[in-house]
Structures are given as structure tokens and as C-alpha cells.
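Each remark here refers to the structure printed beneath this line.
The values are calculated or read from the model by the stated rules, or taken from the named source; none is laboratory data. None of the values given here were measured: they were computed from a predicted structure. Cβ sites come from the backbone with ideal geometry, for glycine too, and all protein chains shown count toward neighbours.
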Amino acid sequence: MAEGGETTRRERLASRGRADDRAVEVLEGKSKRPALLRLLPFLGPAFIASVAYVDPGNFATNIQGGAKFGYTLVWVVIASNLMAMLIQSLSAKLGIATGRNLPETIRDHFPRPLVWLMWAIAEVVAMATDLAEFLGASIGLNLLFGLPLLPAAFITGLATFLILGLQRYGFRALEAVISVIVGVIALCYVLEMVLARPSGASIGRAIVSPHFGGTEGVLLATGILGATVMPHVIYLHSSLTQSRIVPRSAEQARRIFRFEVVDVVIAMSLAGFVNLAMLVMAAATFHATGRSDVASIEQAYQTLAPLLGEAASVVFAVSLLFSGLSSSTVGTMSGQVVMQGFIHRQVPIWLRRLVTMLPALVVIGLGLNPTRSLVISQVVLSFGIPFALVPLVLFTRRRDIMGDVLVNGRVTTLLSALISALIIALNVFLVYEVLTS
């Protein structure tokens, strides 16, 4: 642990007197429960973070990729998910080692003008992120119940308030609800896979012989990869682990991180399955039947019914609705972390929810194309990625911040730096292509 970290740990222990007793028993070696049950108290943060990887913005890129190129880009989804696992592990590790989240650490170590600039960028990115999530849930309500988008948007806002209200009952209640929602989304895509009956042989060939299928395939692959890293959830994950279960020693910090890695692998694998299933479903349904022109969420919904039956369309809309609701909730939580961390200020969560709703309400009120608005929001989001990724890599390699136990090794630092550089470069390319097309 970092020098002087003992005072920080004592403060965190005092503020978390209600910490999970079962987790403490495991850390102190007193638990007699089976190995699998000993893991349970540590699961949760990565499931909340994983919501960002199955948000409505992912629906558009995965559906387009599968419809236009079949199973070709399956390997891109898998590679993207592996990168996400590393990045989320680093974010979780920062919170465990320092007791500070990423925005707080930036505030502690960066010049004040730069901190304020990064805060302003993070707020713009938060609004862009929330636009995609809010629109997705509203479109889901529209497709399921025929509600006009504007009333659907207000219902989405109310539902998000209700989910956020669970925070008053502690982190367990919110984690449980978010985990159930992620499970529902995954179940929906298990059903879609059963209905679509994709070719296992084709999926296997796409994995062992990666290629892009042409210039347009490179662009779509860039969109899929670039959309895997959401700046707001990097900030949030470090906050979820900073005082959830407080280590009393360096060895306990190491054990908590090991459990958190398991949490990340399970949650991100689930999110990866959902993304893979989206692309595979589009490949087996649209590409295989010559409908490679399917490019929007509404088109996908309308086309599924005649191809796979009404049930497939309903399941698709349900998954979209749950994706939008959960990711919108997580986006609001991230906004609170960003403001508190960067400028040490907080506003009532209902006020933040209202403010971040405004862009979506404006888009809907003006009658702008929802899917196009989703794409533009992803471009805006891309600008914020370097401001989260670069500090994360810089901080987790510093022994004076992370301590001797959880500081990155050379291989981890090199790998995370290469992945960060690749993601940033691809996002720059994506932004350039979108703005010039």
C-alpha cells in the first residue's frame, strides 16, 4: 500500500462501519463457507460497470456489423471484450489501492486548470452518453407499447429515479437490481440465439481467421472496438471499489483485488456474450437472408418479426428497454462521481438526472432521427476517452500512488499502454470518418 495510506484506510474504515461482515471474515481467513460462496460478497461492482458495454449504442454497431459482414467481425467483439477486462481491472485496482476514485486522483495530482478542463469534458461526455442510453430506453418503450417517444422519455426518467432510489438501502440492493437487469438482457439474447440458429462452424472460422472483409469492415470494426471503452464507467468503477470493502493491510488489498478480477471476468464475459449474440443474431438473420441494408434499431425490430416470428421482435425490444434503463441509471451515478471527484461538489441526484435528460428530450422534441442521434453521441463520447484512459495508465504504474502490492508490473503497463493507444487511435479514425462522410 502507498506510504501514508494507513490514515486513509482508517478513515475509510470509520466511514464504512457497516461493511459486509462475510467479506471481512473471508479476508481474515475466518470464513468456513465453500469457495464459491466466499466469492459472493465481492461480486457486484463489475456488473454495474458492465452495463456500459451492453448499452443502446452497442446495439447499432453490432447489428450493422452482423447484417453487412455476417460472422466476419466476431473476432473484433471478442478482442474488444478482452481489452475491456484489462481496463476495468486497472480502474478497480486504483480504487482498492488508494481509497480514491480516478477523478479524485486526477484532482490530487494534476494542475488545477487541467482538472477543470477535464471536468468540463467529462460532463459533456456524460450528457452524450446519457443521450444514447435515454434514447435507447425510449425507443424500447415505443417499440413494445407504441408510445410516442416524448412520453416514453418521461417514463424512462421516472423509472431511472426509482432504480437510483435503491441507493438509500446500500450498495447491495442497487448491485442486485443491476445484476438482474444484465441477466435479463443476456437471457433475451440466449432466446434470440435459439431462434436465429447461427452457424457454429462460421463463428469458429471467424475466430481463428480474423480479417475485416474490406474497407467498410475496418470502419465498422473500429466502431465496435471504439465503443467498448466508455470514459464514464472507468471513472465509476474506481469509485465502486474505493470504499466498498476496506482492506486493513496490503495483503488484504491484494486479496480484494484478486476477487475483483474474478468479478470483472464474470461480468465482462456476460457483457461480451451479449455483444457477440447481437452480432451473431444479425448475421444469422439479416445477412443470411440478404438483408444487409438493416442499419437502424427500428429496422432490426421490424425485420425480425417476418424472419423469426413476433416473439423475436418482442425479446429484442425488451432487451433494448432494459439496456437503456440500466445504462441510464449507471450514467447518472457516473455523473455524480465525476462532479464530486473533479471539483469536490455534489448536486442532488434528481437535479443531475433532470439536467442529463435535457439533450434527449430536445432530440425527441425536435423530431431528430433517433438512430442518427445515437451515432453522433458515440462520436462525442469518443473525444473523452483519452482523458480517462491516459491518467488511469499513468497512475496505476506509479508506486508512490499504488503502493508496492498493487502497482502495475512492466508487462501490465506496456500492455495497457498499447491497448489505450490503439483504442484512442481508432476513435480518432472513427471521428474523422464520421465527420468527413
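A few notes on this one:
- Subset of the range 280-310 (residues that are over 28 Å from the mean Cα position of the chain (by Cα) and assigned to a helix (DSSP H, G or I)): Ala288, Thr289, Ala305, Pro306, Leu307, Leu308, Glu310
- Hey, Val294 in contact (Cβ under 8 Å) with a residue 60 or more places away in the chain, of a type in the set (A, V, I, L, M, F, W, C) and surrounded by fewer than 19 Cβ atoms within 10 Å (Cβ to Cβ) or not: no
- Here Glu133 meets each of (1) assigned to a helix (DSSP H, G or I); (2) within 30 Å of Arg254 (Cβ to Cβ) with one exception, condition (2).
- Residue match in the range 324-345 (condition: touching a Gly at 6+ places or on another chain (Cβ under 6 Å) and not in a loop (DSSP other than H, G, I, E, B)): yes
- Check on Thr215, crowded, with 17+ Cβ neighbours inside 10 Å and of a type in the set (Ser, Thr, Tyr): no
Yes/no per residue for (1) within 16 Å of Ala122 (Cα to Cα); (2) surrounded by fewer than 24 Cβ atoms within 10 Å (Cβ to Cβ):
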position: Leu308; (1), (2): no, yes
position: Thr329; (1), (2): no, no
position: Gln346; (1), (2): yes, yes
position: Ser373; (1), (2): no, yes
position: Leu381; (1), (2): yes, no
position: Ile385; (1), (2): yes, yes
position: Pro391; (1), (2): yes, yes
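- Within the range 404-421, considering residues that are of a type in the set (Gly, Ala, Ser) and buried (at least 18 other Cβ atoms within 10 Å of the Cβ), the one nearest to Phe387 (Cα to Cα): Ser420
- Any hit, the range 250-269, residues being surrounded by 21 or more Cβ atoms within 10 Å (Cβ to Cβ), within 23 Å of Ala421 (Cβ to Cβ) and aliphatic (A, V, I, L, M): yes
- Of all residues in the range 253-270, those satisfying the criterion of being under 21 Å from the mean Cα position of the chain (by Cα) and within 17 Å of Leu90 (Cβ to Cβ) are Phe257, Arg258, Phe259, Glu260, Val261, Val262, Asp263, Val264, Val265, Ala267, Met268.
- Taken over the range 376-425, the criterion of being of a type in the set (D, E, K, R), in a helix (DSSP H, G or I) and closer than 21 Å to Thr241 by Cα is satisfied by Arg399, Asp400, Asp404.
- Ile297 passes every criterion in (1) at pLDDT below 85; (2) touching a Leu at 6+ places or on another chain (Cβ under 6 Å); (3) within 21 Å of Met127 (Cβ to Cβ) apart from (2).
- Selection from the range 222-259 of residues that are part of a helix (DSSP H, G or I) and touching a Pro at 6+ places or on another chain (Cβ under 7 Å): Tyr235, His237, Leu240, Thr241, Ala253, Ile256
- Within the range 72-87, the set of residues being assigned to a helix (DSSP H, G or I) and either at pLDDT 95 or above or aliphatic (A, V, I, L, M) (or both) comprises Val74, Val76, Val77, Ile78, Ala79, Leu82, Met83, Ala84, Met85, Leu86, Ile87.
- Residue count for the range 101-111, restricted to those that are in a loop (DSSP other than H, G, I, E, B) and either among the aliphatic types (A, V, I, L, M) or surrounded by fewer than 23 Cβ atoms within 10 Å (Cβ to Cβ) (or both): 2
- Scanning the range 393-406 for residues that are under 26 Å from Ala122 (Cα atoms) and not charged (D, E, K, R) returns Val393, Leu394, Phe395, Thr396, Ile401, Met402.
- Taken over the range 120-148, the criterion of being over 16 Å from Val337 (Cα atoms) and surrounded by fewer than 19 Cβ atoms within 10 Å (Cβ to Cβ) is satisfied by Leu144, Phe145, Gly146, Leu147, Pro148.
- Flag if Ala46 is part of a helix (DSSP H, G or I), surrounded by 24 or more Cβ atoms within 10 Å (Cβ to Cβ), in contact (Cβ under 8 Å) with a residue 60 or more places away in the chain and in contact with an Asp or Glu (Cβ under 6 Å, 6 or more places away or on another chain): yes
- Annotation: of all residues in the range 380-437 being of a type in the set (Phe, Trp, Tyr) and at pLDDT 80 or above, the one that is nearest to the chain's Cα centre (by Cα) is Phe387.
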